[in-house]
Amino acid sequence: MAVQWYADAGEIPTVPAHLIRLVSLDYGDSVHWDGRGTPPPEAAAALARLVRARDGVSGRIARVHNVPVSAAVYRFLLEAGVDLIGTRDLVKTRQLLEGF
């Protein structure tokens, strides 16, 4: 059985990347920005913690899931340095990302 570790992105311990390869953030629980207006400071802070956790050890990947389908949100995530964006609507997401 595979071992799964869970922690707040800001609390991931410094261990080799092969032990914690993927750091993940639930957008709906942590960010709450729908892409309209300016992202709130809390959203940028949550993504910054995720990226710092990823960058703490070479070889980690930053993933955000439960993301609303929005070009503005995708741009925000990509500019923040997110590696993987989880979506439930692959067709619409692909259409939006083709313009990037």
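The numbers here are math on the coordinates, done by the rules we state, and not lab data. This one's a predicted model, so the numbers in the text were calculated from it and none came from an experiment. Cβ coordinates were reconstructed from backbone atoms using ideal geometry, including for glycine residues, and neighbour counts include every protein chain displayed.
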Unique match (being under 28 Å from residue 19 (Cβ atoms), without any contact (Cβ under 8 Å) to a residue 40 or more places away in the chain and in a loop (DSSP other than H, G, I, E, B)) among 87, 38: 87
Test: residue in the stretch 59-81 that is in contact with an Asp or Glu (Cβ under 9 Å, 6 or more places away or on another chain), farther than 17 Å from residue 22 by Cα, among the β-branched types (Val, Ile, Thr) and surrounded by fewer than 18 Cβ atoms within 10 Å (Cβ to Cβ): yes
